[in-house]
Ligand code: PEP
Ligand code: MG
């Protein structure tokens, strides 16, 4: 069964458009379920409460496109409304049965229908019919499983169809990643390491494309022949023959001819090569003989080798449009470093959510981002006009004039708000009843800290040191780290700077230190790695403490602390480093303040113990939320469940504040919640008076602080804690903001 299911899903995924996909499904189902008719109804794009017959096989083809059923109407509408399968031996006797005249269905009274559901939404209904013999349990299970699997493919195929006409304006929905709006041109990420991600692209330079294709093929041929020679010493002859067979495939024949034909028809070499490889691999996958079917992998392997060379030959992507909107399947933090920042206007990523690190970085850089767009037609977006709305998590593809005008107006309004806020730069962050709040910035990507200083930041509450590690191809040396840390400590001289020790693992990989784990967020991450590798930790702490000599504003922050013993072990190493440096420089060196990040639930329950050995704690709401709510911060499928305003998260934070107060340990917050206007209100209500955020959020946060009294925020927090759901908390605080005329600050989403 699994093979039949896989085959159908594969065929559908390969279909060029939704109509061909549906035809393929009906053909396959008639065969696989021994049915005599198969019909597919899909919800109308502009009226999702109505289903329309989109494909039918075995019934009168003239009815396709003409039969419509409202939810609840007829058997099909009932299946959709109940979101439940129906298996009937004599459908015409069912009270909901509604005959489609002239369809021929009277001959097929045995009916099995199942809903197609994706993301809680009924997309349509598939039904199969026959003259006699009820569909058995296995057949029902098969169709239900297939419908569940096809739902995503149908969603994707639908969006492919929608984007086929170049000039139509369309909107794609994801989740709000980083706030802001941008109008620009899409540039599809070109990692070039997998065939699926090669974007469609036209070329005017056919000769140039042919030349780079032939050059790539020549190089791979030469490499393969050389590898076969080398392997001869260690591998049996038949294994070496594989390399030669690959080389022969490239020496001429249909792989080359088909690709060159595609190029001559105007396609750029990588997508023409991708199409050729996919077609050839497909022919092999269809073969019954398992050995031959496996050869599809060889074709893809060869395809990848040539593609890699081809991408090196291509220099087209080095031209970044002025208003580049970076688009990709999974845009990562390091991808941002590839685009000159003055060209980067927005980000749209098929995967990820607002708490993915790339979204946090985008926020820090003031770049709007839309994450987790399930149906992003990536291949067709390169060079296309796009609007990114990072507030409500949508992007407009080929926006028409009306949408462009509307967004241009929003952008002007935004600029006016920002200009207004500039007046707050020199003003203190105090509530109306004179409660003082310290506003700090999160940093790590930029070496230029001028914007933070100009916006009135009083220090750095979180410096993510992993970023300089991520953009290199080896661990940075002590000296390299020293220079980076010295720069930031010097820039903020006289103000506290919390340098966080290396927090890699999870979704922050190092290319030169690969970690393979099934559950990286629950695995080897942050301080767990650095305690296991004291040489990395010690080098980093040495660089930090040396950089602090003569400046004395360093604070060291330990990430992913899950219990007091990890703090104790870190302190032993830090003290050792301090003693070593004292000996080297021949003078006493003060120990910097040491803080623990509280972002793992177990640390919440040990807060008093932890506070007994550190100078301060900083709440990492991004991870604390993910671990408390059991919601992967990067997973768009559960993005709706991720909210740092969830009453349980708020209660955990109150517990931290309460526990820390026993030893008078200062508490600050450096997760994204600290820069969210609604979060600012909740955190102040808990008595937290130190917030660290992206520089772009600072003035808005200050405005919020200056608009409320501490006592009213304390009171409203009690109300929030009594609510049962995150959205209720959100609504409550949003209402309060709105009343003060600050409704424009509310970020949609979480
Ligand atoms: C956090 O988890 O809230 C945090 C600030 O750390 P990061 O986002 O870098 O994991
Ligand atoms: Mg964290």
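Just so it is clear, none of the values below were taken in a lab; they were calculated from the coordinates. In this text, all values refer to a predicted model and were calculated from it rather than measured experimentally. Reconstructed Cβ throughout: ideal geometry from the backbone, glycine too, with neighbour counts over all protein chains shown.
With a Förster radius of 25 Å applied to the C-beta separation of residue 322 and residue 173, the computed FRET efficiency comes to 0.40. When Rg and the Kirkwood Rh are both derived from Cα coordinates, the Rg/Rh ratio for segment 657-702 amounts to 1.00. Using the Cβ-Cβ distance between residue 479 and residue 4 with R0 set to 41 Å, the FRET efficiency from 1/(1 + (r/R0)^6) comes to roughly 0.10. Cα extents for segment 347-494 along the principal axes, largest to smallest and rounded to whole angstrom: 51, 49, 22.
Based on DSSP H segments of at least four residues, each scored -39500 (n - 2.57), the chain has a per-residue ellipticity at 222 nm of -14500 deg cm²/dmol.
Once you have the Cα-Cα distance between residue 495 and residue 453, take 0.36 nm times their residue separation minus that, and quote the gain in nm to one decimal.
14.1 nm
The relative contact order of the chain comes to 11 percent, based on Cα pairs under 8 Å that sit 6 or more residues apart. Which angle between 0 and 90 degrees, to the nearest 10, do you get for helix 206-231 versus the longest principal axis of the chain when only C-alpha atoms count? For helix 206-231, the angle is close to 80 degrees. Contact order, relative form, for segment 2-162: 24 percent (alpha carbon pairs under 8 Å, 6 or more residues apart, mean separation divided by residue count). Rg/Rh for segment 426-742 stands at 0.96; both radii use Cα atoms, and Rh follows the Kirkwood definition. Simple spin-label estimate for residue 572 and residue 206 gives 7.2 nm between the two label positions (7 Å along the Cα-to-Cβ direction from each Cα). Per-peptide packing, taken as the mean over residues of other Cβ atoms within 10 Å, places 54-66, 415-427, 715-727, 341-353 in the sequence 341-353, 54-66, 715-727, 415-427 from highest down. Placing pseudo-labels 7 Å out from each Cα toward the beta carbon at residue 97 and residue 651 gives an inter-label distance of 5.4 nm.
For the chain, the Kirkwood estimate of hydrodynamic radius, built from reciprocal distances between every pair of different alpha carbons, is 29.2 Å. Going by alpha carbons, how many degrees (0 to 90, nearest 10) lie between the helix axis of 698-707 and the longest principal axis of the chain? So the helix axis and the longest Cα principal axis differ by about 70 degrees.
Residue separation times 0.36 nm, minus the C-alpha to C-alpha distance between residue 218 and residue 528: what's the value?
106.9 nm
Over all distinct Cα pairs, what is the inverse of the mean 1/r for segment 2-162, reported as the Kirkwood hydrodynamic radius in Å? The Cα-based Kirkwood calculation yields 15.3 Å. If you find the alpha carbon centre of segment 702-734 and of segment 75-100, how far apart are they in angstrom? Value for the Cα centre distance between the two parts: 49 Å.
Using a simple spin-label model with pseudo-atoms 7 Å out from Cα toward Cβ, residue 107 and residue 519 lie 5.6 nm apart. Subtracting the Cα-Cα distance of residue 19 and residue 583 from their residue separation scaled by 0.36 nm leaves 195.5 nm. The Cα-based radius of gyration and maximum Cα-Cα distance (Dmax) for segment 631-689 are 12.7, 41 Å. Looking at segment 304-421, the pairs of alpha carbons with a distance over 19 Å make up 52% of the total.
Using the Kirkwood radius built from alpha carbon pairs, what does the Stokes-Einstein equation give as D for segment 328-395 at 4 °C and 1.567 mPa s, in µm² per second? Can you show the working numbers first?
On the way: Rh = 12.0 Å.
The estimated diffusion coefficient comes to 108 µm²/s.
Using a Förster distance of 51 angstrom, determine the FRET efficiency expected from the C-beta separation of residue 725 and residue 329, and round it to 0.05. It comes to 0.95.
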